[in-house]
Amino acid sequence: MRHGYLERILLNLQNQKGDKEIIFAIGSSSDRTEETIRHARPQLEQTGVVKILQSNATNRAQRLNCGIAASTGAVVLLHHPATLLPEGNALVNLQTAMAQSQSLWGGFHHRFDLEHWLLDFTSWYSNHIRTKRRGIVYLDHCIFADRKLLNRVGNVPDRDIFEDTILSDRLRQFGMPVLAKGYVTTSARRFRQRGIYKQALLNQILKLGYYCGIDPKSMNKLYERKVAINNDYDD
């Protein structure tokens, strides 16, 4: 609810074509997240199976793994909490992309909901360099993967930050990712609140910290400070 995307995500999911199983792993919240999801449940159940899980997870990776454990589909899509899937055909498109490329995992093309040259460049780099050439897919691309492969690599690494980088490293051992047709749209909330250049600089500092082996909890606390989406911090 904090980033203002939840109701839009629920409607987006409701409008997705194809068979689907929608799983919500909900932790403690005071922002009406659970209330909003339960209110939308009857509409969602008209288009697919819906499961709502109560979770004691302390980070996003743990919540995703709760959902993976409760899911039954052959392909699992890890939905980013501040991202909208391409309208209507996202599930069809990912199945087509996997079949045509014979890739067992991937994501969608990425863009932000705010126009700015630096954000446009960030998405371009993520789509064409980081994903296609380096084989690293961030969670805001809404990673999808064959269930058996995901289980084989141990699902989502239990880390507070850069869990998607580690997951990509593990999945990449079995082939490069594919980008499905369509663009996901991610909230630029962090950039709006912290400032585009400040947030971009922080992102690069955190990447350096990751490769230098800095404690992930400390890095994530800095990343989430005052604009928490994945975890709650008091300062």
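With runs of 4+ DSSP H residues as the only contributors, calculate the mean residue ellipticity of the chain at 222 nm using -39,500 (n - 2.57) per run, divided by the residue total and rounded to the nearest 500. Working shown, then result.
Values: 10 runs with 100 residues, N = 235.
Value at 222 nm, helices only, nearest 500: -12500 deg cm²/dmol.
Excluding same-chain pairs closer than 8 in sequence, count the lysine pairs in the chain whose Cα atoms lie under 22 Å apart.
16
Have a look at Gly135, Thr165, Cys66 and report the one farthest towards the positive end of the charge dipole of the chain, computed about the Cα centre with Cβ charges (Lys/Arg +1, Asp/Glu -1).
Toward the positive end, the furthest listed residue is Gly135.
When ranked by the protection proxy of mean other Cβ atoms within 10 Å per residue, highest first, what sequence do the peptides 144-151, 179-186 form? Before the final figure, lay out the partial values.
Working: 144-151: 18.8, 179-186: 20.8.
Descending mean neighbour count gives 179-186, 144-151.
For the stretch 52-149, what class follows from the C-alpha gyration tensor (a ≥ b ≥ c being the square roots of its eigenvalues): rounded when a/c is under 1.5, otherwise prolate if a/b is larger than b/c, else oblate?
Oblate shape, in that a/c is at least 1.5 and b/c is the bigger or equal ratio.
Using 0.36 nm times the number of residues separating Leu201 and Lys217, minus their current alpha carbon distance, what extension gain do you get?
Values: separation 16, 0.36 × 16 = 5.76 nm, distance 1.90 nm.
The Leu201-Lys217 span can extend by a further 3.9 nm.
Counting Lys and Arg as +1 and Asp and Glu as -1, each charge on the Cβ, what is the dipole of the stretch 101-156 about the Cα centre in debye, to the nearest 20?
Working: 8 positive and 5 negative charges, 90 e Å.
Dipole of the stretch 101-156, to the nearest 20 debye: 440 debye.
Hey, if we sort Met219, Met176 by accessible area with the 1.4 Å probe, largest down, what's the order?
Highest to lowest solvent-accessible surface, that is Met176, Met219.
Using the Cα centre of the chain as the reference point, and only Cβ charges (+1 on K/R, -1 on D/E), how large is the resulting charge dipole? Debye, rounded to the nearest 20.
Charge dipole, the chain, about its Cα centre: 480 debye, nearest 20.
Probe 1.4 Å, all protein chains in place: accessible area of Glu21 in Å², nearest 10?
60
Keeping all protein chains in position, work out how much accessible area Phe174 exposes to a 1.4 Å probe, and write it in Å² to the nearest 10.
Surface open to solvent at Phe174 totals about 90 Å².
Working with all protein chains in place, sort Ile196, Ile214 by solvent-accessible area computed with a 1.4 Å probe, largest first. Don't skip to the end; give the middle numbers.
On the way: Ile196 30, Ile214 85 Å².
Putting Ile196, Ile214 in descending order of accessible area: Ile214, Ile196.
Of Gly195, Leu118, Gly4, whose Cα points farthest to the positive end of the dipole of the chain (charges on the beta-carbon: +1 Lys, Arg; -1 Asp, Glu; origin at the Cα centre)?
Leu118
Given R₀ = 25 Å, FRET efficiency for Asp169-Phe121 by Cβ-Cβ distance, to 0.05?
0.55
The values are calculated or read from the model by the stated rules, or taken from the named source; none is laboratory data. Remember, it's a predicted structure, so these values are computed and weren't measured experimentally. We place every Cβ from the backbone using ideal geometry, glycine too, and count neighbours over all the protein chains shown. Side chains are part of the model used for accessible areas, which takes the heavy atoms of the whole protein and leaves out ligands, DNA and RNA. Shrake-Rupley method; radii C 1.70, N 1.55, O 1.52, S 1.80 Å.
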